[in-house]
Ligand SMILES: Cc1cc2nc3c(=O)[nH]c(=O)nc-3n(C[C@H](O)[C@H](O)[C@H](O)COP(=O)(O)OP(=O)(O)OC[C@H]3O[C@@H](n4cnc5c(N)ncnc54)[C@H](O)[C@@H]3O)c2cc1C
(Lines give C-alpha, C1' and ligand atoms only; values in the text may rest on other atoms or scores of the structure.)
Protein backbone atom coordinates (compact mmCIF):
# COMPACT_ATOMS: atom_id res chain seq x y z
CA UNK A 1 0.00 0.00 0.00
CA UNK A 2 1.11 3.57 -0.72
CA UNK A 3 0.02 5.99 1.97
CA UNK A 4 0.22 9.73 2.49
CA UNK A 5 0.12 11.13 6.01
CA UNK A 6 -0.59 14.86 6.24
CA UNK A 7 1.12 16.61 9.15
CA UNK A 8 4.47 15.87 10.80
CA UNK A 9 3.50 16.58 14.38
CA UNK A 10 3.92 13.87 16.98
CA UNK A 11 0.68 12.17 15.88
CA UNK A 12 1.41 12.22 12.13
CA UNK A 13 4.95 10.99 12.79
CA UNK A 14 3.67 8.12 14.94
CA UNK A 15 1.09 7.20 12.28
CA UNK A 16 3.69 7.31 9.50
CA UNK A 17 5.91 5.04 11.60
CA UNK A 18 3.13 2.55 12.34
CA UNK A 19 2.19 2.35 8.65
CA UNK A 20 5.81 2.04 7.50
CA UNK A 21 6.52 -0.70 10.06
CA UNK A 22 3.52 -2.61 8.71
CA UNK A 23 5.05 -2.50 5.24
CA UNK A 24 3.30 0.49 3.69
CA UNK A 25 5.22 2.80 1.42
CA UNK A 26 4.76 6.10 3.28
CA UNK A 27 5.09 9.77 2.40
CA UNK A 28 4.79 12.17 5.33
CA UNK A 29 3.85 15.66 4.05
CA UNK A 30 4.45 18.73 6.21
CA UNK A 31 3.78 22.29 5.12
CA UNK A 32 6.30 23.83 7.55
CA UNK A 33 10.08 23.81 7.16
CA UNK A 34 10.62 21.28 9.93
CA UNK A 35 8.82 18.53 11.81
CA UNK A 36 7.05 19.23 15.08
CA UNK A 37 6.56 22.99 14.81
CA UNK A 38 2.77 22.97 15.37
CA UNK A 39 0.78 22.01 18.47
CA UNK A 40 3.46 19.43 19.31
CA UNK A 41 6.08 22.17 19.80
CA UNK A 42 4.11 23.85 22.56
CA UNK A 43 2.94 21.29 25.09
CA UNK A 44 3.74 20.61 28.76
CA UNK A 45 5.68 17.49 27.64
CA UNK A 46 3.94 15.45 30.31
CA UNK A 47 3.45 11.68 30.01
CA UNK A 48 -0.05 11.50 31.45
CA UNK A 49 -1.33 8.57 33.49
CA UNK A 50 -4.86 8.52 32.06
CA UNK A 51 -7.04 9.23 35.11
CA UNK A 52 -8.79 12.43 34.02
CA UNK A 53 -10.84 11.15 31.09
CA UNK A 54 -14.28 9.53 31.11
CA UNK A 55 -14.07 5.72 31.15
CA UNK A 56 -14.60 4.26 27.70
CA UNK A 57 -13.55 7.49 25.91
CA UNK A 58 -10.88 7.49 23.22
CA UNK A 59 -8.86 9.88 25.37
CA UNK A 60 -8.86 7.41 28.28
CA UNK A 61 -8.12 4.36 26.18
CA UNK A 62 -5.36 5.88 24.07
CA UNK A 63 -3.77 7.72 26.99
CA UNK A 64 -3.36 4.55 29.05
CA UNK A 65 -2.23 2.42 26.12
CA UNK A 66 -0.17 5.27 24.63
CA UNK A 67 1.64 5.82 27.91
CA UNK A 68 2.66 2.16 28.02
CA UNK A 69 3.89 2.28 24.42
CA UNK A 70 5.60 5.66 24.86
CA UNK A 71 7.65 4.57 27.87
CA UNK A 72 8.70 1.42 25.97
CA UNK A 73 9.62 3.50 22.92
CA UNK A 74 11.67 5.97 24.98
CA UNK A 75 13.53 3.06 26.58
CA UNK A 76 14.29 1.31 23.30
CA UNK A 77 15.18 4.49 21.36
CA UNK A 78 17.13 6.41 24.02
CA UNK A 79 14.59 9.25 24.19
CA UNK A 80 15.09 11.22 27.42
CA UNK A 81 12.16 10.84 29.85
CA UNK A 82 11.65 10.62 33.59
CA UNK A 83 8.76 9.16 35.58
CA UNK A 84 8.99 11.82 38.25
CA UNK A 85 5.41 11.37 39.47
CA UNK A 86 2.73 13.95 40.05
CA UNK A 87 0.44 15.22 42.78
CA UNK A 88 -3.03 16.54 41.97
CA UNK A 89 -3.88 18.71 44.94
CA UNK A 90 -7.03 19.92 46.66
CA UNK A 91 -6.22 23.28 48.23
CA UNK A 92 -9.72 23.65 49.76
CA UNK A 93 -12.09 21.11 51.29
CA UNK A 94 -14.58 21.71 48.43
CA UNK A 95 -12.02 20.28 45.97
CA UNK A 96 -11.66 16.97 47.81
CA UNK A 97 -14.55 15.29 45.91
CA UNK A 98 -12.84 16.20 42.61
CA UNK A 99 -9.77 14.20 43.66
CA UNK A 100 -12.01 11.28 44.59
CA UNK A 101 -13.71 11.41 41.16
CA UNK A 102 -10.33 11.43 39.40
CA UNK A 103 -9.18 8.55 41.61
CA UNK A 104 -12.17 6.36 40.70
CA UNK A 105 -12.00 7.34 37.02
CA UNK A 106 -8.36 6.32 37.08
CA UNK A 107 -9.25 2.91 38.55
CA UNK A 108 -11.92 2.41 35.85
CA UNK A 109 -9.43 3.44 33.16
CA UNK A 110 -6.87 0.89 34.37
CA UNK A 111 -4.54 3.35 36.14
CA UNK A 112 -3.65 1.14 39.05
CA UNK A 113 -1.02 2.95 41.04
CA UNK A 114 -2.95 6.03 42.24
CA UNK A 115 -2.91 6.89 45.95
CA UNK A 116 -5.13 9.35 47.81
CA UNK A 117 -2.99 11.15 50.38
CA UNK A 118 -3.86 13.29 53.36
CA UNK A 119 -2.16 16.64 53.91
CA UNK A 120 0.61 15.24 56.11
CA UNK A 121 1.55 12.48 53.67
CA UNK A 122 1.53 14.90 50.72
CA UNK A 123 3.68 17.45 52.52
CA UNK A 124 6.08 14.68 53.53
CA UNK A 125 6.64 14.09 49.80
CA UNK A 126 6.77 17.78 48.86
CA UNK A 127 7.59 20.02 51.85
CA UNK A 128 6.93 23.28 49.95
CA UNK A 129 3.35 22.22 49.14
CA UNK A 130 0.17 23.60 50.68
CA UNK A 131 -2.95 21.40 50.35
CA UNK A 132 -5.69 19.62 52.26
CA UNK A 133 -5.36 16.36 50.27
CA UNK A 134 -3.60 15.05 47.17
CA UNK A 135 -3.78 12.30 44.59
CA UNK A 136 -0.39 10.78 43.89
CA UNK A 137 0.32 9.37 40.43
CA UNK A 138 3.83 7.87 40.52
CA UNK A 139 3.60 6.79 36.84
CA UNK A 140 3.21 10.32 35.46
CA UNK A 141 6.36 11.66 33.86
CA UNK A 142 8.00 14.06 31.46
CA UNK A 143 9.52 13.48 28.06
CA UNK A 144 11.74 15.38 25.65
CA UNK A 145 9.07 15.71 22.95
CA UNK A 146 11.49 16.96 20.30
CA UNK A 147 13.83 14.00 20.81
CA UNK A 148 10.75 11.78 20.65
CA UNK A 149 9.70 13.23 17.30
CA UNK A 150 13.21 12.86 15.87
CA UNK A 151 13.28 9.21 16.98
CA UNK A 152 9.87 8.59 15.38
CA UNK A 153 11.14 10.13 12.14
CA UNK A 154 14.23 7.91 12.34
CA UNK A 155 12.00 4.82 12.40
CA UNK A 156 9.89 6.15 9.50
CA UNK A 157 12.99 6.67 7.38
CA UNK A 158 14.60 3.38 8.40
CA UNK A 159 11.44 1.62 7.21
CA UNK A 160 11.67 3.38 3.83
CA UNK A 161 9.27 6.26 4.51
CA UNK A 162 9.89 9.71 3.05
CA UNK A 163 9.43 13.10 4.73
CA UNK A 164 8.39 15.94 2.40
CA UNK A 165 8.85 19.31 4.12
CA UNK A 166 7.40 22.60 2.74
CA UNK A 167 4.67 20.50 1.16
CA UNK A 168 1.20 21.86 1.92
CA UNK A 169 -1.53 19.41 0.96
CA UNK A 170 -4.21 21.41 -0.80
CA UNK A 171 -6.98 18.98 -1.73
CA UNK A 172 -7.74 15.34 -2.50
CA UNK A 173 -10.28 13.39 -4.49
CA UNK A 174 -10.92 9.66 -4.85
CA UNK A 175 -10.96 8.40 -8.44
CA UNK A 176 -10.78 4.84 -9.76
CA UNK A 177 -9.94 3.43 -6.32
CA UNK A 178 -7.05 5.77 -5.52
CA UNK A 179 -6.59 9.12 -3.82
CA UNK A 180 -5.43 11.91 -6.13
CA UNK A 181 -3.77 14.45 -3.86
CA UNK A 182 -2.82 17.98 -4.90
CA UNK A 183 0.05 19.63 -3.11
CA UNK A 184 1.58 23.13 -3.26
CA UNK A 185 5.04 24.40 -2.38
CA UNK A 186 7.93 25.13 -4.74
CA UNK A 187 6.87 22.52 -7.31
CA UNK A 188 3.10 22.03 -7.02
CA UNK A 189 1.82 18.76 -8.45
CA UNK A 190 -0.47 15.82 -7.87
CA UNK A 191 0.32 12.37 -6.54
CA UNK A 192 -1.72 9.19 -6.17
CA UNK A 193 -1.90 6.96 -3.11
CA UNK A 194 -4.07 4.13 -1.78
CA UNK A 195 -4.39 5.50 1.74
CA UNK A 196 -4.68 9.05 3.05
CA UNK A 197 -4.47 10.29 6.66
CA UNK A 198 -5.39 13.79 7.80
CA UNK A 199 -3.28 14.41 10.93
CA UNK A 200 -2.99 18.15 10.30
CA UNK A 201 -3.65 19.31 13.89
CA UNK A 202 -4.92 22.89 13.78
CA UNK A 203 -5.23 22.52 9.98
CA UNK A 204 -7.34 19.32 10.08
CA UNK A 205 -10.75 20.93 9.59
CA UNK A 206 -9.51 23.22 6.80
CA UNK A 207 -8.04 20.25 4.93
CA UNK A 208 -11.16 18.14 5.52
CA UNK A 209 -13.26 20.81 3.78
CA UNK A 210 -11.10 20.39 0.67
CA UNK A 211 -11.61 16.61 0.41
CA UNK A 212 -13.90 15.97 -2.53
CA UNK A 213 -16.91 13.84 -1.60
CA UNK A 214 -16.62 14.38 2.15
CA UNK A 215 -19.94 15.61 3.56
CA UNK A 216 -19.24 19.04 5.04
CA UNK A 217 -21.59 18.20 7.92
CA UNK A 218 -19.14 15.50 9.02
CA UNK A 219 -16.40 18.06 9.68
CA UNK A 220 -16.56 19.14 13.34
CA UNK A 221 -16.18 22.77 14.31
CA UNK A 222 -12.82 23.79 15.72
CA UNK A 223 -12.52 25.71 18.98
CA UNK A 224 -9.17 27.20 19.95
CA UNK A 225 -8.04 27.46 23.57
CA UNK A 226 -4.73 29.21 24.01
CA UNK A 227 -2.56 28.29 26.97
CA UNK A 228 0.31 30.50 28.14
CA UNK A 229 3.31 29.37 30.18
CA UNK A 230 5.59 31.24 32.56
CA UNK A 231 9.07 30.08 33.52
CA UNK A 232 10.34 30.40 37.07
CA UNK A 233 14.06 30.86 37.71
CA UNK A 234 16.01 29.37 40.58
CA UNK A 235 16.24 25.84 41.96
CA UNK A 236 13.01 23.87 41.80
CA UNK A 237 11.08 23.78 45.05
CA UNK A 238 9.47 20.48 44.01
CA UNK A 239 10.63 17.13 42.65
CA UNK A 240 7.22 16.08 41.30
CA UNK A 241 4.72 17.76 38.98
CA UNK A 242 2.02 19.62 40.91
CA UNK A 243 -1.46 20.00 39.42
CA UNK A 244 -4.43 21.80 40.96
CA UNK A 245 -7.97 20.41 40.61
CA UNK A 246 -8.86 20.70 36.87
CA UNK A 247 -10.66 23.80 35.55
CA UNK A 248 -12.99 24.20 32.57
CA UNK A 249 -11.02 23.82 29.33
CA UNK A 250 -7.79 22.60 30.89
CA UNK A 251 -6.03 20.86 33.74
CA UNK A 252 -5.36 24.06 35.69
CA UNK A 253 -2.16 26.11 35.96
CA UNK A 254 0.24 23.37 36.94
CA UNK A 255 3.90 23.06 37.71
CA UNK A 256 5.84 21.00 35.24
CA UNK A 257 9.52 20.35 35.32
CA UNK A 258 11.73 19.98 32.30
CA UNK A 259 14.36 17.26 32.18
CA UNK A 260 16.94 19.71 33.50
CA UNK A 261 14.73 20.23 36.58
CA UNK A 262 13.62 23.78 35.70
CA UNK A 263 10.15 24.88 36.81
CA UNK A 264 7.53 25.99 34.33
CA UNK A 265 3.91 26.96 35.09
CA UNK A 266 0.89 26.78 32.81
CA UNK A 267 -1.06 26.54 30.67
CA UNK A 268 -4.03 28.74 31.51
CA UNK A 269 -7.13 28.80 29.29
CA UNK A 270 -7.91 31.71 26.96
CA UNK A 271 -10.51 31.12 24.23
CA UNK A 272 -9.25 32.71 20.99
CA UNK A 273 -10.53 33.10 17.41
CA UNK A 274 -7.18 32.72 15.66
CA UNK A 275 -3.85 31.26 16.80
CA UNK A 276 -1.37 33.73 18.29
CA UNK A 277 1.55 32.76 20.44
CA UNK A 278 2.40 35.97 22.32
CA UNK A 279 2.51 35.64 26.11
CA UNK A 280 1.03 38.70 27.80
CA UNK A 281 3.25 39.53 30.83
CA UNK A 282 0.13 40.93 32.55
CA UNK A 283 -1.17 37.36 32.96
CA UNK A 284 1.55 36.81 35.59
CA UNK A 285 -0.79 38.26 38.26
CA UNK A 286 -3.40 35.51 37.69
CA UNK A 287 -0.66 32.91 37.55
CA UNK A 288 0.80 34.05 40.87
CA UNK A 289 -2.61 33.83 42.55
CA UNK A 290 -3.27 30.33 41.15
CA UNK A 291 0.20 29.02 42.00
CA UNK A 292 0.24 30.43 45.56
CA UNK A 293 -2.78 28.30 46.41
CA UNK A 294 -0.51 25.27 46.32
CA UNK A 295 2.89 26.99 46.64
CA UNK A 296 2.57 29.93 49.03
CA UNK A 297 6.35 30.31 48.90
CA UNK A 298 6.45 31.51 45.27
CA UNK A 299 8.73 34.58 45.47
CA UNK A 300 7.39 37.90 44.11
CA UNK A 301 8.34 38.78 40.54
CA UNK A 302 9.89 35.38 39.79
CA UNK A 303 7.64 34.45 36.83
CA UNK A 304 8.95 35.16 33.34
CA UNK A 305 6.80 34.88 30.15
CA UNK A 306 7.81 31.71 28.34
CA UNK A 307 5.68 30.35 25.47
CA UNK A 308 2.08 29.62 24.49
CA UNK A 309 0.29 26.74 22.79
CA UNK A 310 -3.11 26.37 21.15
CA UNK A 311 -5.38 23.43 21.99
CA UNK A 312 -7.34 22.21 18.93
CA UNK A 313 -10.62 21.58 20.74
CA UNK A 314 -14.02 20.38 19.57
CA UNK A 315 -15.95 21.87 22.50
CA UNK A 316 -16.16 25.41 23.79
CA UNK A 317 -16.72 27.22 27.07
CA UNK A 318 -19.60 25.84 29.12
CA UNK A 319 -19.75 22.60 27.14
CA UNK A 320 -18.68 19.13 28.30
CA UNK A 321 -15.14 18.33 27.14
CA UNK A 322 -15.26 16.58 23.75
CA UNK A 323 -13.46 13.33 23.04
CA UNK A 324 -10.79 12.76 20.37
CA UNK A 325 -12.27 11.91 16.99
CA UNK A 326 -10.80 9.31 14.66
CA UNK A 327 -13.02 9.31 11.57
CA UNK A 328 -12.53 6.35 9.26
CA UNK A 329 -14.58 4.88 6.42
CA UNK A 330 -17.28 3.75 8.89
CA UNK A 331 -17.85 7.38 9.87
CA UNK A 332 -17.51 9.21 6.53
CA UNK A 333 -17.97 6.49 3.92
CA UNK A 334 -14.76 7.18 1.96
CA UNK A 335 -12.45 4.14 1.63
CA UNK A 336 -8.74 4.42 2.46
CA UNK A 337 -9.14 7.65 4.39
CA UNK A 338 -8.76 8.42 8.11
CA UNK A 339 -8.79 11.80 9.79
CA UNK A 340 -8.17 12.95 13.33
CA UNK A 341 -9.88 15.88 15.00
CA UNK A 342 -9.61 17.45 18.43
CA UNK A 343 -6.26 15.90 19.30
CA UNK A 344 -5.50 18.12 22.28
CA UNK A 345 -4.07 16.79 25.55
CA UNK A 346 -3.20 13.94 26.07
CA UNK A 347 -2.33 13.63 22.36
CA UNK A 348 1.42 13.50 22.98
CA UNK A 349 1.03 10.64 25.47
CA UNK A 350 -1.55 8.91 23.26
CA UNK A 351 0.32 9.30 19.95
CA UNK A 352 1.71 5.76 19.61
CA UNK A 353 -1.65 4.21 20.46
CA UNK A 354 -3.59 6.54 18.14
CA UNK A 355 -1.14 5.51 15.42
CA UNK A 356 -2.02 1.83 15.83
CA UNK A 357 -5.74 2.62 15.69
CA UNK A 358 -5.27 4.56 12.44
CA UNK A 359 -3.06 1.84 10.93
CA UNK A 360 -5.69 -0.78 11.89
CA UNK A 361 -8.33 1.17 9.97
CA UNK A 362 -6.18 1.86 6.92
CA UNK A 363 -4.52 -1.54 6.59
CA UNK A 364 -7.33 -3.82 7.82
C1 LIG B 1 -0.77 23.99 25.72
C2 LIG B 1 -0.77 22.51 25.44
C3 LIG B 1 -0.24 21.62 26.38
C4 LIG B 1 -0.25 20.26 26.13
N5 LIG B 1 0.34 19.41 27.03
C6 LIG B 1 0.34 18.08 26.79
C7 LIG B 1 0.99 17.20 27.70
O8 LIG B 1 1.63 17.62 28.66
N9 LIG B 1 0.92 15.87 27.45
C10 LIG B 1 0.24 15.37 26.38
O11 LIG B 1 0.16 14.14 26.25
N12 LIG B 1 -0.33 16.18 25.47
C13 LIG B 1 -0.28 17.53 25.65
N14 LIG B 1 -0.84 18.38 24.75
C15 LIG B 1 -1.44 17.81 23.54
C16 LIG B 1 -0.41 17.50 22.48
O17 LIG B 1 0.58 18.48 22.42
C18 LIG B 1 -1.12 17.38 21.14
O19 LIG B 1 -2.22 16.50 21.24
C20 LIG B 1 -0.21 16.86 20.03
O21 LIG B 1 1.01 17.56 20.01
C22 LIG B 1 -0.93 17.00 18.70
O23 LIG B 1 -0.07 16.56 17.69
P24 LIG B 1 -0.53 16.57 16.18
O25 LIG B 1 0.51 15.84 15.42
O26 LIG B 1 -1.95 16.13 16.10
O27 LIG B 1 -0.59 18.12 15.78
P28 LIG B 1 0.59 19.10 15.31
O29 LIG B 1 1.79 18.95 16.13
O30 LIG B 1 0.00 20.47 15.21
O31 LIG B 1 0.94 18.57 13.85
C32 LIG B 1 0.14 18.87 12.73
C33 LIG B 1 1.06 19.27 11.60
O34 LIG B 1 0.30 19.38 10.41
C35 LIG B 1 0.87 20.40 9.61
N36 LIG B 1 -0.14 20.78 8.63
C37 LIG B 1 -1.33 21.41 8.86
N38 LIG B 1 -2.02 21.53 7.69
C39 LIG B 1 -1.26 20.96 6.72
C40 LIG B 1 -1.44 20.75 5.31
N41 LIG B 1 -2.56 21.13 4.68
N42 LIG B 1 -0.44 20.14 4.63
C43 LIG B 1 0.69 19.73 5.25
N44 LIG B 1 0.90 19.90 6.58
C45 LIG B 1 -0.07 20.48 7.31
C46 LIG B 1 1.21 21.47 10.64
O47 LIG B 1 2.20 22.35 10.14
C48 LIG B 1 1.70 20.63 11.81
O49 LIG B 1 3.11 20.46 11.80
C50 LIG B 1 -0.82 19.75 24.94
C51 LIG B 1 -1.33 20.65 23.99
C52 LIG B 1 -1.30 22.01 24.23
C53 LIG B 1 -1.81 22.96 23.20
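Being in a loop (DSSP other than H, G, I, E, B), modelled with pLDDT of 95 or more and crowded, with 17+ Cβ neighbours inside 10 Å is a condition met by no residue of the range 178-186.
Among the conditions (1) within 15 Å of the chain's Cα centre (by Cα); (2) at negative phi; (3) at pLDDT 95 or above, the only one that residue 52 does not satisfy is (3). Could you check, for the range 2-16, whether at least one of its residues is more than 16 Å from residue 338 (Cα to Cα), surrounded by fewer than 23 Cβ atoms within 10 Å (Cβ to Cβ) and either free of Cβ contacts under 8 Å to residues at least 12 places away in the same chain or near the ligand (Cβ under 9 Å from one of its atoms) (or both)? No, because not a single residue in the range 2-16 is more than 16 Å from residue 338 (Cα to Cα), surrounded by fewer than 23 Cβ atoms within 10 Å (Cβ to Cβ) and either free of Cβ contacts under 8 Å to residues at least 12 places away in the same chain or near the ligand (Cβ under 9 Å from one of its atoms) (or both).
When the range 129-140 is filtered for residues that are out of contact with any helix residue (DSSP H, G or I) (no Cβ under 7 Å at 6 or more places or on another chain) and buried (at least 24 other Cβ atoms within 10 Å of the Cβ), the ones remaining, listed by number, are 137, 140.
Apart from one condition, residue 239 fits all of (1) assigned to a loop (DSSP other than H, G, I, E, B); (2) more than 30 Å from residue 78 (Cβ to Cβ); the exception is (2).
Residues in the range 150-168 that are crowded, with 16+ Cβ neighbours inside 10 Å, part of a loop (DSSP other than H, G, I, E, B) and within 11 Å of the ligand (Cβ to nearest atom): 167, 168. Please tell me if residue 301 is farther than 30 Å from residue 97 by Cα, free of Cβ contacts under 8 Å to residues at least 12 places away in the same chain and more than 16 Å from the ligand (Cβ to nearest atom). Yes, satisfied.
Residue 171 falls short on exactly one of the conditions (1) within 11 Å of the ligand (Cβ to nearest atom); (2) surrounded by 16 or more Cβ atoms within 10 Å (Cβ to Cβ), and that condition is (2).
The condition of being more than 11 Å from the ligand (Cβ to nearest atom), in contact with a strand residue (DSSP E or B) (Cβ under 8 Å, 6 or more places away or on another chain) and touching a residue at least 40 places away in the same chain (Cβ under 8 Å) holds for only one of 357, 308, that being 357. Within the range 24-58, the set of residues being part of a helix (DSSP H, G or I), farther than 26 Å from residue 160 by Cβ and either near the ligand (Cβ under 10 Å from one of its atoms) or free of Cβ contacts under 8 Å to residues at least 60 places away in the same chain (or both) comprises 39, 41. For the range 219-235, the count of residues that are within 20 Å of residue 334 (Cα to Cα) and either over 20 Å from the mean Cα position of the chain (by Cα) or within 14 Å of the ligand (Cβ to nearest atom) (or both) is at least one.
Of all the numbered requirements in (1) over 29 Å from residue 243 (Cα atoms); (2) in contact (Cβ under 8 Å) with a residue 12 or more places away in the chain; (3) not in a strand (DSSP E or B), residue 147 misses one, and that requirement is (1). For the range 243-252, state whether one or more residues are out of contact with any helix residue (DSSP H, G or I) (no Cβ under 8 Å at 6 or more places or on another chain), at pLDDT 95 or above and crowded, with 21+ Cβ neighbours inside 10 Å. Within the range 243-252, one or more residues are out of contact with any helix residue (DSSP H, G or I) (no Cβ under 8 Å at 6 or more places or on another chain), at pLDDT 95 or above and crowded, with 21+ Cβ neighbours inside 10 Å.
Taking the range 267-364 as the region of interest, the strands (runs of 3 or more DSSP E) fully inside it that hold 2 or more residues being in the same structural domain as residue 236 (by TED's automatic domain parsing), surrounded by 15 or more Cβ atoms within 10 Å (Cβ to Cβ) and touching a helix residue (DSSP H, G or I) at 6+ places or on another chain (Cβ under 7 Å) are 303-313.
Exactly one residue out of 176, 200 is within 12 Å of the ligand (Cβ to nearest atom) and either on the phi > 0 side of the Ramachandran plot or in contact with a helix residue (DSSP H, G or I) (Cβ under 6 Å, 6 or more places away or on another chain) (or both): that is 200.
The values are calculated or read from the model by the stated rules, or taken from the named source; none is laboratory data. From a predicted model like this one, the values you see are computed outputs, not experimental measurements. Positions of Cβ are backbone-derived with ideal geometry, glycine not excepted, and every protein chain shown enters the neighbour counts.
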